[in-house]
Structure formats: C-alpha cells, structure tokens
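Right, one structure below, let's go through it.
The values are calculated or read from the model by the stated rules, or taken from the named source; none is laboratory data. This is a predicted model, so every value here is computed, not measured. FYI the Cβ positions are ideal-geometry reconstructions off the backbone, even for glycines, and counts take in every protein chain you see. Side chains included, ligands, DNA and RNA excluded: accessible areas come from the protein's heavy atoms. Shrake-Rupley method; radii C 1.70, N 1.55, O 1.52, S 1.80 Å.
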Amino acid sequence: MSGPRNRPVPSDAAGASSPAARAGAPDLAPPAGGLVVAARGIHRVYEVGEEKVHALRGVDLDIRRGEYLAIIGPSGSGKSTLMHIIGCLDSPTEGTVAIDGVQVADMDETRLARIRNERIGFVFQAFNLLARESILENVALPLQYAGVNRRERIERAQAELESVGLGDRLGHRPSQLSGGQRQRAAIARALVTRPAILLADEPTGALDTKTGDAVLALFEEIHGRGTTIIVVTHDPDVAARCRRTVRIRDGLVEEVA
Amino acid sequence: MILEHMRSATRSLWGNKLRTFLSMIGIVIGVGSVVAITALGESARASITSQIAQAGLETVTVNVGRRPGAAVERLFTEELVDKFTEFEGIKAAAAVNRSNAQLKAGEESASEQITSATPAYLDIFSLEMREGRFVTEADMLERSAVVVLGSELADTLFPDGGAVGSSVRVLGSSPKQLRVVGVLETRSDTFGFSFDSGAFVPRTSYLVRIAKPDRPDSFVLWADPDARDVVETAAELQAWFDAETGSENAVRVQSPSTIAETMSGVTDTLSGFLAGIAAISLVVGGIGIMNIMLVSVTERTREIGIRKALGATPAAIRVQFLVEAIYITLAGGLAGLALGMGISKVASGFLGWDFILSPSSMAVAVAFSAATGIFFGLYPAARAARLDPVVALSYE
C-alpha cells in the first residue's frame, strides 16, 4: 500500500494547488478566511408529485481549508442532499454556496461540471469505476475533461496510481482488482486533478473492516498532505477518525463536540 | 478530444459486438441498395449511350413538327439541302421521301417502304453494301430505273439469291420495273426505321417514277463530330428553324445524341425514384440506430453519472454518444457501399452492361450514412447530456 511518494507536497498543499488561484472564473472571490466550503441558508425542496419534501431547511456550514470533516446522520436526514450540493452535483433551492471561494448556487450545468472537474474529487461507496476501461484510463479520465493532453494525462494518472500503491496494476480492469484496490484506484482518480476537496460518500461501506481501515489510513495520509477531506457516513467508527463531525438531522446541521 | 471519443466509442461498440452488428444491418442494407441502384442507373445510362453511338452518332434528322404551318411548306424544298451544307459541322445532307409500295419479283412479293436516296445517304447512315453498289451520281443524273434493297427484303424477294441484276416490279396504277443494283449489309434500326426491309431508289428517279410529293418529308444530315459537337449542331439548326418558322413546333431537329439525352433523363428519373425508395430503408435503418442508442443511453445511465461527476460537461457527453452513432452508421455505410458495389457488379454482368460507379456517388452514399448517424444520434445524445448527475449516479 505504501507506493513511492513522488509527488512534492507543499505544507499548504491545497492552498498552493488550489484551482481558485487559476484565473478566468468571473465570480472568483478571494477564499474568505481560507473557507473551502461556505454554505449560507441552504434549502433544498424536492417536489414528489403534489408533495414538497424539504430535504434541507436552512443549512449554514463553513469548512476551512485542510479540514478532515465527517458529515453524519441517519438515512433520510438530508445528508446525501448536502453532499450533492457541496459536490456541485445539485443546486440549492435557496441560499448560497461558495466552493473554494466561487459562488456556485446559480451556475448552469456546464459551469458546475467545470467546478466539479477542477475542485472536487469524488470517492463513492460503490467505487464507480468504468468497468470497460483500465484503471489507468479511469484515473486519467478527469484530466481528459480538463483538456489535458494524452501524454500528460497518462503520466499524471500513473504517478497518482503509484502513490496509492497500484503502480503495478495500471492495465488492470476494475473487475480484476479487489475491493480495497478498486477504492484506492477511485481515490487516485479523485486526486488526479489536485482538487480543493476530496468528497467521500460512505467510502468504506462496501469494504470489510480491515480493508476499510486501510482506506481510512490512506485518507489520513492525504489529509496530512493538506487536502481537505469531507466524509459522508453513518458509521460512527469512520466519523471518529475525522477531526470534526457535523450531524444532519431533519434538514438542519448541528456540530458534534 | 474527438480522438478520445473515438477510442471510447470503439471500446464501447466492440464490447457489444452482436448488438452493434445487428443495429448496423439496417444501414448496410439502406446504403447498399442506394449504391446498387445508383450504380445500375449509371451503367444503364452508359449502355444506352453506347448503343445509340453504335447506331450512328453522326446522323441528324430534320422532320416536320406537330404544327408545320405555311412556313414549313415554304422552307422544305430541295434547295434546303444546299443550305444545310453551309452550316458549320455538317458534311452532307439529303432530302427524303418515303412511300408504301407492293414489290414483286417472280412469285415473291412484299409490301414495304420505298425511300428516295442520294449517294450521300450511304455516308449519312454509314451504310455498307453486301453486294453490288449504292445509288450513284450517274443514277441521279440519268434518273435510272434502279433500286437498292435492304438485306431482309432482298432475301424475301430473292430467296435463292441472285438479287443484283434481277428486276423488281413496283405494283400500282402504272407499274414500274426497277433493276436491282445492290443489297445492303444488315444493320440495326435507327429511329425505328429498318434499313433491312427498305428499298432505295435514286431521288431523281423516285420523283418521276414512284411518287410526286409536294415537298420532302424530311432531311437527313451527316454531322461531323470532329468539327463540332453534334448536339450543338442540332441545337443551332433547331434555333435556325424556330427563327425561320417563327414557331417552336414547326420543325423538329433530332440527333441520336439528343435522343440519348432524353433516354438518360428517363433513366436518371427512374433511378432517382428507386434510390428514393432505397433511401427510405436508410431512414428505417436510422430509426434502428436511434432505438439502439436510446437503449444504450439508458443502460449506461450510471456511467454517464460517473462521467458527469468527474467533470464531463453536457456537451462532452453529447459528443461522446454522437460519435458512437456516427461510428455505427459510417461503418454500416462502408459495408453497404461494398455490398451495393458487389450487387450492381453482378447484376450489370448479367445484363451485359459495363459496371460504372462514379466516386461522387460513393462519396454521397457514405456521407449520407454519416448524416443518418448525426440525425438519428442527436436525440439520444441530447437525452444523455440532459441527465441529472444525481439521478444518473444513483441509477441501478
């Protein structure tokens, strides 16, 4: 699991490599007090037939750069909805969200896609690797959408896979790997674009305890390099390893000491 | 980026070989039939042109049109022959009259047309002699009582041979006796006129012995394709007549080339019509592609969700699926091209035509198949691009 660490790690890695530093985004604001997530008064209402379901009812949440945060809560609490909004997969019905200093609440799908690509790395419970592609191609895929040329894509994907200890499995299909290896490949894919946030949704949910621990150990290591990590989980053991925990209950957030 | 889409399209289509193949069949058949029909049309056209060329591309006829009028009566004289030879691109001309007659030689008889002929007539129709000679200048001057028979007529009247030197009687109110001086070689009909069953009498002699028409029925001209395009010559003559008669229907100038053009027009219309029907099968094939692409989008909803989570814009997803659709139809189009060429090659072989398929038709067929892919791939691709990432990611 301990592959060669050939990536230079600045002390403030997330800040130094933050895409917020990239020019071009018109609504780019200076990261307010180093906040990587600044959510204000978030409401999310779904219309299910005639009925309106309030998944989030006015959530305020600040997450500072370099935090390792757990979002916990029972199913149906609005936990997933909050994760989708932080991950720019969904937009709030009401309220504002700044990701890495960029207001995203009113963005269209194309611009949200760019934000996801540049600033957010997803890790899913079910790994969500493309079955037909090798893990090298899987890890290189976000760079393709970022417009990086093929040669650099392959080089960077390879380096990322080496850093999670899969340097000798580059050409393997996901089906040829164990669950733990797949999740590490997925983590490599999430990190390959140097995102501001690593957003993990039940990352150990599909793994046995031992493999899950190894994945969490890898998270510690990534956090140690300065990356902000947000883990959405209902597993108290997973939450216990995070530095800060917030709980969602009935669409509202509360801090857990 | 496009290259990347092509790689991924190849992988995804290759991963579903049977389905890809089945959805391609519609396009293969559609393009194949369009190509086959177009090729057969082109071959038919070439074959007609070459048949007409064999019949003599150098002959131009001038006939009385549907509404002759007084102008024609004035224009159609023996002197017009000299006028014609002044035209650029015309080497010789002859006035022609025909009349039906009962011919008898010994016990044999035949009812055929007697045609007035001049020495130039031989060249105008590129006639060849089987025996004896054709009408000469001397025959013209002396108004000789001679006749040249078509091969078939000669065989009818003289089943035992020996036509040349024998006599033929032309029955009527005042029967005439004509001496056979030659027999024509067999040849194909021109403008529906059979030389083989005709009898040819020197024009001067014809006008005193056979009939006394008010004016020539028609003129035949010997055009010189080396000096000038025959169609052009015919067009100029037509224009001259139209101006002289003040009507477009008084006189009709025809060359085998103009007939060839008319025939080609008919073939083109017909093959265009058939290609249109074949194009319908291409549309059916396109609907098949659309169906399979919609299935594919549904099946790969989760993949689309993953790609979107990783930063694929709606445009990137749209292009990805569009490239796949174009891929299938283009591959189907190329296979159809090969199939169509095979079919038309075999068919034209059976029909004895030359196989012709112009590069432009091939390009059109392939371009059409790609266009089918774009057209029928657009909707499924748009649907994939519109998918909500959250919904797509949670799709089982």
| field | Under the Debye formula (equal points on every Cα, no solvent term), log10 I(q)/I(0) of region B:145-261 at q = 0.17 Å⁻¹ | value | -0.98
| message | Give the average, rounded to an integer, of partner chain Cβ atoms located within 10 angstrom of each Cβ in A:122-133. | response | 4
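Partner chain Cβ atoms within 10 Å, averaged over the residues of B:381-389 - can you pull that number for me?
Details: counts 0, 0, 0, 0, 2, 1, 1, 3, 9.
Mean shielding by partner chains, rounded to a whole number: 2.
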| said: What does DSSP give for the protein assembly as shown in terms of the percent of beta bridges that are antiparallel, rounded to the nearest 5? | reply: 70 percent
| So what are the radius of gyration and Dmax for the Cα set of region B:27-141, in Å? | 21.8, 72
| Heavy atoms of B:Asp139 accessible to a 1.4 Å probe, total area in Å² rounded to 10 | 10 Å²
| note | Nearest 10, in degrees from 0 to 90: the angle of helix A:135-145 to the longest Cα principal axis of chain A is 50 degrees
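As a check on your grasp of the helix formula, calculate [θ] at 222 nm for chain B: sum -39500 (n - 2.57) over DSSP H runs of n ≥ 4, divide by the residue count, round to the nearest 500.
Value at 222 nm, helices only: -19500 deg cm²/dmol.
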| field | Links that overshoot a 31 Å alpha carbon limit, given the list B:Lys83/B:Lys176; A:Lys79/B:Lys17; A:Lys79/B:Lys308; B:Lys104/B:Lys212 | value | B:Lys83/B:Lys176; A:Lys79/B:Lys17
| field | ³J(HN,Hα) computed for each position of region B:328-344 - Karplus, 6.51 cos²θ - 1.76 cosθ + 1.60, integer Hz, glycine/proline x | value | 4, 5, 5, 4, x, x, 5, 5, x, 4, 5, 4, x, 5, x, 4, 5
| field | Heavy atoms of B:Asp155: accessible area, 1.4 Å probe, square angstrom to 10 | value | 80 Å²
| request: Just the number, please: buried accessible area between B and A, total of both chains, 1.4 angstrom probe, nearest 100 square angstrom. | output: 2300 Å²
| Kirkwood Rh, chain A, all Cα pairs: how many Å? | 18.5 Å
| task | In whole Hz, with x marking every Gly and Pro, tabulate ³J(HN,Hα) for region A:240-247 from phi via Karplus 6.51 cos²θ - 1.76 cosθ + 1.60, θ = phi - 60°. | result | 4, 8, 8, 7, 9, 10, 10, 10
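Whats the longest run of chain A with zero trypsin sites (Lys or Arg not before Pro) that are DSSP loop and have at most 12 other Cβ atoms within 10 Å?
A:23-242
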| message | Can you give me the orientation-averaged projected area of the convex hull built on the Cα atoms of chain B, in nm²? | response | 27.9 nm²
| Going by the alpha-carbon gyration tensor, a ≥ b ≥ c the square roots of its eigenvalues, is region B:285-324 rounded (a/c under 1.5) or, if a/c is not under 1.5, prolate (a/b greater than b/c) versus oblate? | oblate
| query | Got a sec? What order do B:Asp224, A:Asp208 fall in by accessible area at 1.4 Å, biggest, i.e. largest, first? | reply | A:Asp208, B:Asp224
| note | Any residue on another chain or 5+ positions along whose placed amide H is under 5 Å from the amide H of B:Glu112 is listed here as B:Ala101, B:Leu103
| remark: Once phi for every residue in region B:264-274 is put through the Karplus expression 6.51 cos²θ - 1.76 cosθ + 1.60 (θ = phi - 60°), the whole-Hz ³J(HN,Hα) values, with Gly and Pro written as x, are 4, x, 5, 4, 4, 4, 5, 6, x, 4, 5
| Which value results for Rg/Rh of region B:59-259 when Rg is the Cα radius of gyration and Rh the Kirkwood radius based on the inverse mean 1/r? | 0.99
| task | Could you work out, for region B:218-365, what percent of all Cα-Cα pairs fall into each 10 Å distance bin, beginning at 0 Å and stopping at the bin that holds the largest distance? | result | 8, 22, 19, 17, 14, 10, 7, 4, 0
| request: Work out the mean other chain Cβ neighbour count within 10 Å for the residues of B:297-310 and drop it here as an integer. | output: 5
| message | Nearest 5 percent is fine: what portion of the DSSP beta bridges confined to chain B is antiparallel? | response | 80 percent
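If N is the number of residues in the protein assembly as shown, what value comes out of its Cα radius of gyration divided by 2.2 N^0.38 Å? Walk me through the intermediate numbers first.
Working: Rg = 44.5 Å, N = 653, 2.2 N^0.38 = 25.8 Å.
Taking N as the residue count of the protein assembly as shown, the ratio is 1.72.
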| request: May I ask you to give the solvent-accessible area per residue for the protein assembly as shown, in square angstrom, as obtained with a 1.4 angstrom probe? | output: 45 Å²
| Residues with amide H under 5 Å from that of B:Met129, placed H, sequence gap 5 or more | B:Glu185
